[in-house]
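See below for the structure under consideration.
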Amino acid sequence: MKIRSPALALTALLWLWNSCQTVEAPPAEPPPPVFEEPAVLPPEAPRYSLIFEQVRSESLGRVILQYRLRPENPQARKAEIRGWNLTLNGRPLPDEQKPVLETLPGGEGTLLLSMDLELPREEGDFDEYHSELTVTLAGPQGDLTADAAFPRIRAPEFSIASIAIVKAELVNTRFRVDLTIDNPNIFPVTLSSFDYELYGRGRFWARGREQDVLRVPAQGKAEARLHLEMNFIDMRRELLDEVIALGRVPYRFTGEALVDTGVPLLPRFKMDFDRSGASAVVE
């Protein structure tokens, strides 16, 4: 059949073209959200820190070292100590010198670790002790270490520089003794009291007591002057002759001194001394 009308032909073509177009589908709805349970993290392992607290001492050869074992997170409520080790100046202590480690409540969940340490007798010219405490804890954290340094305390050294005759009488003679005190410590010390006895050629001369004698600088020396009275009746004749002739007198100087270190937590200690030598007798 022939289509004779142009308008009718155009209408047919438009219908055919529209029938070939793709009909767009309506937009798809998004899928419903999937709710997942949050992952359960494993609990955090307990964490602790070991801190050196202080050193205290009550004598020349004994110190008390204290450390603080402190929890660092909520899981670290109570630490279990499996073992410990202490080195002094880089060397482990022998078993017979190893002190007892005491655990004391330290407040706020901490533990105060304390040990009473007898210092070994060591030779050599060193000024400080260096210690290292290692504590082994139960659990994954394992070992904790804390270092500490504290000064070595040594007794001052006494020597007589000279003995001088101040006034000679028929029976009694007054002397002046010039005393030198050497302080080997890295801190100054003060002789707050001083009891002494002086002997010449093995015979007792005199005794005395001094208060607030002097302050000796760190690693320095100072001089003190003592005054005493001696009775010639108790002396040997040869000693009397040496004194009168202004010669040299063998002496022994012995006694006890109370020494203040002036350092917090370090001791005010008593020290015994016993020194022998020979001193010039001067006017």
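The values are calculated or read from the model by the stated rules, or taken from the named source; none is laboratory data. This one's a predicted model, so the numbers in the text were calculated from it and none came from an experiment. Because the Cβ atoms are built from the backbone with ideal geometry, glycine has one as well, and the counts that use them run over all protein chains shown.
Points worth noting:
- Of all the numbered requirements in (1) out of contact with any helix residue (DSSP H, G or I) (no Cβ under 9 Å at 6 or more places or on another chain); (2) surrounded by 14 or more Cβ atoms within 10 Å (Cβ to Cβ), R225 misses one, and that requirement is (2).
Per-residue answers, yes or no, for (1) under 29 Å from F187 (Cβ atoms); (2) without any contact (Cβ under 8 Å) to a residue 40 or more places away in the chain; (3) assigned to a strand (DSSP E or B):
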{"position": "R82", "(1), (2), (3)": "no, no, yes"}
{"position": "L86", "(1), (2), (3)": "yes, no, yes"}
{"position": "P99", "(1), (2), (3)": "yes, yes, no"}
{"position": "L112", "(1), (2), (3)": "yes, no, yes"}
{"position": "M115", "(1), (2), (3)": "yes, no, yes"}
{"position": "P120", "(1), (2), (3)": "yes, yes, no"}
{"position": "E123", "(1), (2), (3)": "yes, yes, no"}
{"position": "F126", "(1), (2), (3)": "yes, yes, no"}
{"position": "S131", "(1), (2), (3)": "yes, no, yes"}
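- In the set (1) part of a strand (DSSP E or B); (2) modelled with pLDDT of 90 or more; (3) not polar (S, T, N, Q), V213 fails one condition alone, (2).
- Boolean, R174 is over 22 Å from P267 (Cα atoms), loosely packed, with under 14 Cβ neighbours inside 10 Å and of a type in the set (K, R): no
- Here is the figure for the range 99-121: residues that are in contact with a strand residue (DSSP E or B) (Cβ under 9 Å, 6 or more places away or on another chain) and exposed (fewer than 12 other Cβ atoms within 10 Å of the Cβ) total 4.
- The residues in the range 150-180 that are assigned to a strand (DSSP E or B) and farther than 30 Å from L88 by Cβ can be counted, and the count is 19.
- Residues (more than 14 Å from D212 (Cβ to Cβ), of a type outside the set (A, V, I, L, M) and assigned to a strand (DSSP E or B)) located in the range 181-201: D182, Y196, E197, Y199, G200
- Answer residue from the range 238-283, given it is closer than 26 Å to R209 by Cβ and part of a loop (DSSP other than H, G, I, E, B) and is modelled with the lowest pLDDT among those: P267
- Subset of the range 122-144 [of a type outside the set (A, V, I, L, M), touching a Gly at 6+ places or on another chain (Cβ under 9 Å) and surrounded by 14 or more Cβ atoms within 10 Å (Cβ to Cβ)]: E132, T134, T136
- Residue that is surrounded by 17 or more Cβ atoms within 10 Å (Cβ to Cβ) and closer than 20 Å to V263 by Cβ, where the choices are I160, I181, I186: I181
- Of the set (1) under 21 Å from the mean Cα position of the chain (by Cα); (2) exposed (fewer than 14 other Cβ atoms within 10 Å of the Cβ); (3) part of a loop (DSSP other than H, G, I, E, B), all apply to D147 but (3).
- Residue in the range 54-74 that is outside any strand (DSSP E or B), at pLDDT 75 or above and either of a type in the set (S, T, Y) or loosely packed, with under 10 Cβ neighbours inside 10 Å (or both) present: no
- Residue ID - surrounded by the most Cβ atoms within 10 Å (Cβ to Cβ), chosen from residues in the range 189-219 that are in contact (Cβ under 8 Å) with a residue 60 or more places away in the chain and among the hydrophobic types (A, V, I, L, M, F, W, C): V189
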